[in-house]
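Here, each number is a calculation from the coordinates, and none is a lab measurement. Model, not experiment: these values are computed from the prediction. Virtual Cβ from ideal backbone geometry, glycine too; neighbours counted across all protein chains shown.
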Amino acid sequence: MPEGHTLHRLAGSQQRDFAGGAVEVSSPQGRFAAEAELLDGHVFREAWAYGKHLFHDYGPVGTVHIHLGLYGSFTAHGKPVTDPVGKVRMRLVGESCWTDLRGPIRCELVTTAEAAEIVAGLGPDPLRDDADPDRAWNRITRSRTALASLLLDQTVLAGVGNVYRAEVLFRHGVPPLLPGNAVEPETWRALWADLVGLMGEGVRSGRIDTVRAEHAPEATGRAPRRDRHGGEVYVYRRAGAPCLVCATPVEHRRLANRHLYWCPRCQAG
DNA sequence: GATCTATGTAGAT
DNA sequence: TCTACCTAGATCG
């Protein structure tokens with residue numbers, strides 16, 4: 001379940017579980033076997049995330065660069081270690097914990113410099129203290145592309161995925177197809193600030209919850225609706241269902257091969 | 001058991 | 001704009 005909050009959450013838990021100790025690294029599936037052999041037994045220095053990218057720093061031995069893609073996932077366990085189930089690309093075994101990685105779009109050993117290059121190609125990440133929202137704004141305000149597309153462009157903004165994009169646009173009443181160069185600076189400031197808050201909450205909870213207290217099931221009496229992604233949302237994957245605010249059916253279309261959801265009334269602009 | 005879907009990205013057309 | 005791809009779980013029959 002990979003938007004930026006997932007990767008930052010993983011970096012945090014893996015830092016707690018493995019940092020500072022030697023780890024056993026293996027690739028039961030075999031597709032990371034040569035790299036795992038190089039890393040096996042070395043000290044896991046640090047886990048860190050930038051956008052949807054996760055990095056395991058092994059110092060001079062190298063850095064593992066992981067991108068989960070659409071369906072990559074980690075499972076975390078306490079010892080004892082059990083036999084691999086399914087296609088385990090990478091297994092890490094530490095002092096008391098172990099974790100399995102399955103289905104990543106990327107799992108590769110890179111140098112520190114290469115890791116830095118990957119990060120240099122990404123836009124600011126709302127989950128990082130060092131993020132500069134003006135870098136994203138400079139791209140957005142010069143572009144005729146729909147804001148909904150710009151929000152998913154990782155070179156503009158790093159870490160935002162399909163759920164956060166739909167939800168943050170809804171929360172600010174912004175039409176998703178509004179061209180970047182038609183976005184008001186104060187709108188951008190509000191969107192950024194909201195992403196910082198929402199995604200930070202996502203890191204803490206492990207879910208994407210975007211519904212404000214006044215529209216929450218407890219306040220309105222409607223049945224809670226947890227999406228498969230685990231959280232309570234306004235429009236994501238609610239095509240045809242009544243908008244939680246105005247009851248207008250939620251719209252849906254494909255945009256650049258991704259599902260886009262919005263309320264045509266609340267986000268009329 | 002077969003088929004479909006998914007919070008993503010890269011590369012071809 | 002389209003297609004391929006990494007994998008598992010949900011859904012269909």
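Tabulated data for the structure shown
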| read-out | value |
| --- | --- |
| Two-site label geometry, A:Leu70 and A:Asp134: point separation in nm, points 7 Å out along Cα→Cβ | 3.9 nm |
| Mean Kyte hydropathy of -0.5 or more with a Cα span along the axis of at least 24 Å, helices from DSSP in chain A | A:185-205 |
| Rounded if a/c under 1.5, otherwise prolate or oblate - the stretch A:73-153, Cα gyration tensor axes | prolate |
| Efficiency of FRET from Cβ geometry, A:Val81 and A:Ala256, R₀ 41 Å, rounded to 0.05 | 0.45 |
| Simple spin-label estimate for A:Arg204 and A:Asn181 in nanometres, 7 Å along Cα-Cβ | 4.1 nm |
| Chain A - convex hull of the alpha-carbon atoms, volume per residue in Å³ | 137 Å³ |
| CD proxy at 222 nm, helix term only [per DSSP H run n ≥ 4: -39500 (n - 2.57); per residue of chain A; nearest 500] | -8500 deg cm²/dmol |
| Two-site FRET efficiency, A:Glu95 against A:Thr141, from Cβ-Cβ distance with R₀ of 51 Å, rounded to 0.05 | 0.55 |
| Value of Rg/Rh across the stretch A:1-136 [Cα atoms, Kirkwood radius] | 0.96 |
| Residue among A:Pro60, A:Pro224, A:Pro179 with the largest mean-square fluctuation in a Gaussian network model of chain A, springs linking Cα atoms under 10 Å | A:Pro60 |
| Residue exposure sequence - A:Val85, A:Val43, A:Val25 - by fewest surrounding Cβ within 10 Å | A:Val85, A:Val43, A:Val25 |
| Inter-centroid distance (Cα atoms) of the stretch A:228-269 relative to the stretch A:71-98, Å | 36 Å |
| Given charges at Cβ of Lys, Arg, Asp, Glu: chain A dipole, positive-most of A:Leu109, A:Met90, A:Ser73 | A:Ser73 |
| P(r) of the stretch A:134-259 over all Cα-Cα pairs, binned every 10 Å from zero, in whole percent | 12, 45, 33, 9, 0 |
